[in-house]
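Here's the structure, in structure tokens; my notes come after.
The values are calculated or read from the model by the stated rules, or taken from the named source; none is laboratory data. Everything numeric here is computed off the predicted structure, so don't read it as measured data. Positions of Cβ are generated from backbone atoms using ideal geometry, with glycine treated the same way; all protein chains shown enter the neighbour counts. What goes into the accessible areas is simple: the full protein's heavy atoms, side chains included, and nothing from ligands, DNA or RNA. Shrake-Rupley method; radii C 1.70, N 1.55, O 1.52, S 1.80 Å.
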Amino acid sequence: MKVVQIDPGDEALFEAWFAVLRETDLERWPDRPGWQRAERLAQALDTEGPEEHRCLLARDDSGQVIGMADLEMFRRENQHLARLEVRVRPAARRLGVGRALVKTAQEIARSLGRSELGGMDETPVRPGFPDLVTGFAGALGFAPAMPMARRELRLPLAAGPMEALQANPKAAPAGYTMVSFADRWPDAYIADRCLLGRRMSTDVPQEGQDLDEEVWDESRVRQIEASLAEQNRAKVTTAARHDASGRLVAFTDIVIPLGAPEAAWQHDTLVIREHRGHGLGYAVKVANLAAVARANPAVRSVCTWNATVNDHMIDINEEMGFEVISHSIYWLKRF
């Protein structure tokens, strides 16, 4: 067996890498589109954004591709940390392929000054799907840092349930106005976006992780937006404007892969701590759901991950109708 880092600009090699990702996506979620090629290729080719991705490929002695890994490292903050996604084809499991991919990834990370390697697993709740990671991760020295769950909301909501969400008094908190927009954060509120991004790096549950406070400026915001466009993704955002100050003090994003718009993804949601207690988390999420339905009527589901300790956000999601479809653990190894 041999593990190599590939050039994602080599079309044949990237196709082989992505084929493993695609096969294992379908194994896990046979009725969902999974990652799109354009998304992962744009991530791998990105040389300017906050994250760098390195693609690893595992072949057996006959040259057959049997596994892949994506090693993600941060270009700005969190220079001590690398994150890893590993996939092995079902027929090649229990043969040391995953172990070899992790070993190579750890060597690369260490050579670049990283001292932590983390990654998230996922086990669907449907009967018969096995936990493929716990024993493997433990044997390689990883420890569980944060348990999480993935929830899904099936769309479109019928008129009654949607009207009920919007009629809830929490959907229209006094002293705040909901503002929705697509793809580009408005220039007039760029300072607010930078504050929200910085607070997002410090105010969400981190459990066993040791993460830096992020530095946000307009160039970072625009680079992330450009990266999403390169990945052929659209984004719908709703923010809460504090009427007295005119500032945006809460926001939520939903991202839609344009190559598979039926399956959308919840990204960040945050309420500035000074404005908590007014129902803004609920308000921005309900308003954004309506904005997504208007802008992208092909969306049939939205998925989100929550740390299991994040009771407040879980309560909001469940009130909206999200249901658990998988469990995850974020694993961490220090070396």
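For region 153-186 and region 261-335, what is the separation of their C-alpha centers, rounded to whole Å?
So the two Cα centres are separated by 13 Å.
Under 17 Å Cα to Cα from LYS2, which aspartates and glutamates show up? Leave out anything in the same chain fewer than 8 places away.
LYS2 reaches ASP60, ASP61, ASP70, GLU107.
With percent of Cα pairs over 35 Å apart defined as stated, name the option among (i) 33; (ii) 30; (iii) 22 computed from the structure displayed.
For percent of Cα pairs over 35 Å apart, the calculated option is (iii).
So how tilted is helix 190-203 from the main axis of the chain? Cα-based, degrees 0 to 90, rounded to 10.
Long axis of 190-203 versus the principal axis of the chain: about 60 degrees.
Estimate the FRET efficiency between VAL204 and ASP61 by the formula 1/(1 + (r/R0)^6), using the beta-carbon distance for r and 35 Å for R0, to the nearest 0.05.
0.20
Whenever you get a sec, line up THR134, THR47, THR123, THR237 from highest to lowest accessible area (probe 1.4 Å, protein heavy atoms).
I get THR47, THR134, THR123, THR237, largest accessible area first.
Using a cut-off of under 19 Å, list every residue of region 260-278 whose amide N is near the label point 7 Å from the Cα of GLU319 along the Cα-to-beta-carbon line.
269-278
Ignoring ligands, DNA and RNA, what percent of the accessible area of region 118-157 is carbon or sulfur (1.4 Å)?
Its accessible area is 65 percent carbon and sulfur atoms.
Place +1 on the Cβ of every Lys and Arg and -1 on the Cβ of every Asp and Glu in the chain, take the dipole about the Cα centre, and give the residue among LEU248, GLN231, MET313 whose Cα lies farthest towards its positive end.
MET313
Quick one: length gained pulling ALA139 to ALA158 fully straight, 0.36 nm per residue minus the C-alpha distance?
Stretched fully, the ALA139-ALA158 segment lengthens by 2.1 nm.
What angle do you read, to the nearest 10 degrees and between 0 and 90, between the alpha-carbon axis of helix 218-230 and the longest principal axis of the chain?
Once rounded, the angle reads 60 degrees.
How many nm separate the modelled label positions at GLU51 and PHE129, each set 7 Å beyond the Cα in the direction of the Cβ?
Going from the GLU51 label point to the PHE129 one covers 2.0 nm.
Please report, in debye to the nearest 20, how large the charge dipole of region 1-91 is about its Cα centre when each Lys and Arg carries +1 at its beta carbon and each Asp and Glu carries -1 there.
The calculated dipole for region 1-91 is roughly 220 debye.
Note down the magnitude of the dipole of region 210-283 about its Cα centre, charges +1 on Lys and Arg C-beta and -1 on Asp and Glu C-beta and zero elsewhere, to the nearest 20 debye.
360
Quick check for you: with a 1.4 Å probe and neighbouring chains kept, what is the accessible area per residue of the chain, in Å²?
Here the residues of the chain average 45 Å² of exposed surface.
State, as an integer percentage, the relative contact order of the chain based on alpha-carbon contacts under 8 Å between residues 6 or more apart.
Relative contact order, the chain: 22 percent.
Can you tell me what share of the DSSP beta bridges in region 36-180 is antiparallel? A percent to the nearest 5 is fine.
The answer is about 85 percent antiparallel.
Kindly provide the trypsin sites (Lys or Arg not before Pro) of region 18-115 that DSSP labels as loop, not H, G, I, E or B, and whose Cβ sees at most 12 other Cβ atoms within 10 Å.
ARG94
Which longest uninterrupted range of the chain lacks any GluC sites (Glu not before Pro) assigned by DSSP to a loop state (not H, G, I, E or B) and surrounded by at most 15 other Cβ atoms within 10 Å?
78-206
In nanometres, what is the gap between the two model label sites at ALA19 and GLU77, each 7 Å from Cα along Cα-to-Cβ?
Each label point is offset 7 Å from its Cα along the Cβ direction, giving 4.0 nm.
How large a share of the accessible area of region 256-335, in percent, is made up of carbon and sulfur atoms when the probe is 1.4 Å and the other protein chains stay in place?
52
If you restrict to DSSP beta bridges whose two residues both lie in region 237-312, what percentage is antiparallel, to the nearest 5?
Antiparallel bridges: around 75 percent, rounded to the nearest 5.
Calculate the FRET efficiency for ASP217 and ALA260 from the Cβ-Cβ distance with a Förster distance of 35 Å, rounded to the nearest 0.05.
So, using R0 = 35 Å, E works out to roughly 0.60.
Compute the helix-to-body angle for 97-111: its Cα long axis versus the longest principal axis of the chain, expressed 0 to 90° and rounded to tens.
Approximately 70 degrees, to the nearest 10.
Have a look at the DSSP beta bridges in the chain and tell me what percent are antiparallel, nearest 5.
90
Rounded to the nearest 500, what is the 222 nm mean residue ellipticity of the chain from helices alone, with -39500 (n - 2.57) per DSSP H run of 4+ residues and division by all residues?
Helix contribution divided over all residues of the chain: -10000 deg cm²/dmol.
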